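Just below is one structure, and these are the notes that go with it.
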Amino acid sequence: MVHDMSYNTVSNVIATWEKVRQVKDYEHVVGTQLFQKFFASTPNAMTVFGFPKGSDPSSKDSLENPRFVKKAKWFIRVFIQMIERSLDMLGPDSELLTEILLELGQRHVRYGVDTSYYPAMGKVLLVVLDDVLDEKTFTPQVRKDWEEVYTALYTDMIEGHNMVNV
Ligand code: HEM
């Protein structure tokens, strides 16, 4: 639950995201990697973003199709904003944050998000962070902090899914 996160954990996550933002063209670099890796691991999630069922995120056909590229750009914008808005929410008032996450989870049911997509996305996010940050920044401790924060966020969101699905 979000209540249990320590100040250090949260501030390490926020500080490392600041480093990501310093990477040249970070939205494009990070977003493209998230896009390719997430849909390679979880192709079913593509329909949430309006891609036709069974489309291949890395095929030449897809990447040369302007409608596909437009959707991919939209996905990239949504995901980067999602990360940044979530980090902005990590303030001192964790009671309020839980309320927000429950509602956010309920909205994600409407977006068509399956609960299995959260851990899948989390794994990919860690791979991408490891790739774009150097070892001194993305230390084993920082990796744990990201895991903790991401898991806490989606655990509350899944509670929200369950409120809709009962
Ligand atoms: C810890 C995990 C996640 C967090 C904290 C999060 C957070 C957010 C936030 C803050 C928004 C902005 C809109 C709103 O407030 O309703 C949003 C939108 C959205 N999210 Fe997530 N999200 C997470 C995981 C996911 C996953 C795994 C998917 C799909 C695979 C997803 C798909 C979407 C979609 C489709 C939208 C709507 C975009 C739009 O129409 O503009 N989210 N998310």
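The values are calculated or read from the model by the stated rules, or taken from the named source; none is laboratory data. Keep in mind the model is a prediction, meaning the values are calculated, not measured. Glycine also receives a Cβ, built like all others from the backbone with ideal geometry; neighbour counts cover every protein chain displayed. Areas reflect the complete protein model, heavy atoms only, side chains present, ligands, DNA and RNA absent. Shrake-Rupley method; radii C 1.70, N 1.55, O 1.52, S 1.80 Å.
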Selection from segment 134-153 of residues within 30 Å of residue 95 (Cβ to Cβ) and hydrophobic (A, V, I, L, M, F, W, C) yields 142, 146, 149, 152, 153
Filter segment 94-116 for residues that are open to solvent by less than 70 Å² (accessible area, probe 1.4 Å), in a helix (DSSP H, G or I) and under 13 Å from residue 48 (Cα atoms); the one that is nearest to the ligand (Cβ to nearest atom) is 108
Filtering segment 133-153 for residues that are crowded, with 18+ Cβ neighbours inside 10 Å and of a type outside the set (Asp, Glu) leaves a count of 8
| task | Evaluate the following for residue 128: is it aliphatic (A, V, I, L, M) and without any contact (Cβ under 8 Å) to a residue 40 or more places away in the chain? | result | no
Per the filter on segment 144-166, residues hydrophobic (A, V, I, L, M, F, W, C) and within 14 Å of the ligand (Cβ to nearest atom) are 146, 149, 152, 153, 157, 158, 164
Wholly inside segment 1-91, helices (runs of 4 or more DSSP H) that include 2 or more residues that are surrounded by 12 or more Cβ atoms within 10 Å (Cβ to Cβ) and not polar (S, T, N, Q) are 7-22, 26-41, 66-89
